[in-house]
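Engineer: Sending over a structure as structure tokens; questions will come in a sec.
The values are calculated or read from the model by the stated rules, or taken from the named source; none is laboratory data. Everything numeric here is computed off the predicted structure, so don't read it as measured data. Note that each Cβ is placed from the backbone with ideal geometry, even for glycine, and that neighbours are counted across all protein chains shown. These area figures cover heavy atoms from the full protein model, side chains too; ligands, DNA and RNA do not enter into them. Shrake-Rupley method; radii C 1.70, N 1.55, O 1.52, S 1.80 Å.
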Amino acid sequence: MSIDVDPVSTTARTASAAAHATTVPAAPTTAPTVAQGTPEDARWLRRAVELATANVAEGGGPFGAVVVAGGVEVAVGQNRVTRDLDPTAHAEVQAIRAACREAGSFALDGMTLYTSCEPCPLCLAACLWARLDRVVFSADRHDASRGGFDDSAFYELFARDRGTWDRTRVHELRLPESTRPFDAWLTHAARTDY
């Protein structure tokens, strides 16, 4: 999977990132690849941005996403977190869910997700699990932060030992039967690996 930056506004993004560099800490991960996109990429990114902008008026967050295969729109998603009271209802996740239903598969090999903004850690993980070939975004995490959606705390948190987390505590409590579900899975002849 490659993560590409919107080819239409690379210069604006570089200026935006520089302007925010002093206030938003850099993520401990490798920066996304700045790639030269195609007119087709720009077309689908514009569609994602239109979905995001329209979603604000409909009571959703300012995020939109489109899944495309072979130049054809497969599914769209808009942020529905506040409207649906679902913290996982991000635009990318919504688009992936709809595309999986449309494709009749949990794997979206051969497809590209175009999203109005750089995927947050939740959405990036969903993109990886969905096995999308590409993810192309327009606005970056610094633009999102300016809009009130600052994911830098998550990136910083994931880089720390879980024992130091101060908000949501994650603890392991090992039971003798902890591996029983995986043992059942491995011996289940009719399982669908993913």
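Engineer: Carbon and sulfur: what percent of segment 73-181's accessible surface (1.4 Å probe)? The partial results should precede the final answer.
Structural biologist: Values: 3370 of 6330 Å².
About 53 percent, which is the carbon plus sulfur part of the accessible surface.
Engineer: Which order, highest average first, do 84-90, 58-64, 74-80 follow once you tally other Cβ atoms within 10 Å for each residue and take the mean per peptide?
Structural biologist: Details: 84-90: 14.1, 58-64: 20.4, 74-80: 22.9.
Packing proxy ranking, top to bottom: 74-80, 58-64, 84-90.
Engineer: Solvent-accessible area per residue for segment 62-194 at a 1.4 Å probe radius, Å²? Mind dumping the intermediate values first?
Structural biologist: Details: 7950 Å² over 133 residues.
Per residue, segment 62-194 has an accessible area of 60 Å².
Engineer: Just to be sure I understand the model, the point goes 7 Å from the Cα along the line to the Cβ. What's the resulting Phe154 to Arg169 distance in nm?
Structural biologist: Going from the Phe154 label point to the Arg169 one covers 2.3 nm.
Engineer: While we're on this one: Roughly how many Å is it from the Cα centre of segment 115-132 to that of segment 60-77, as a whole number?
Structural biologist: Going from one Cα centre to the other spans 12 Å.
Engineer: Related question: Sort 153-162, 118-127, 185-194 by the packing proxy (mean of other Cβ within 10 Å over each peptide's residues), most packed first.
Structural biologist: On the way: 153-162: 12.2, 118-127: 19.5, 185-194: 7.3.
Result, highest mean Cβ count within 10 Å first: 118-127, 153-162, 185-194.
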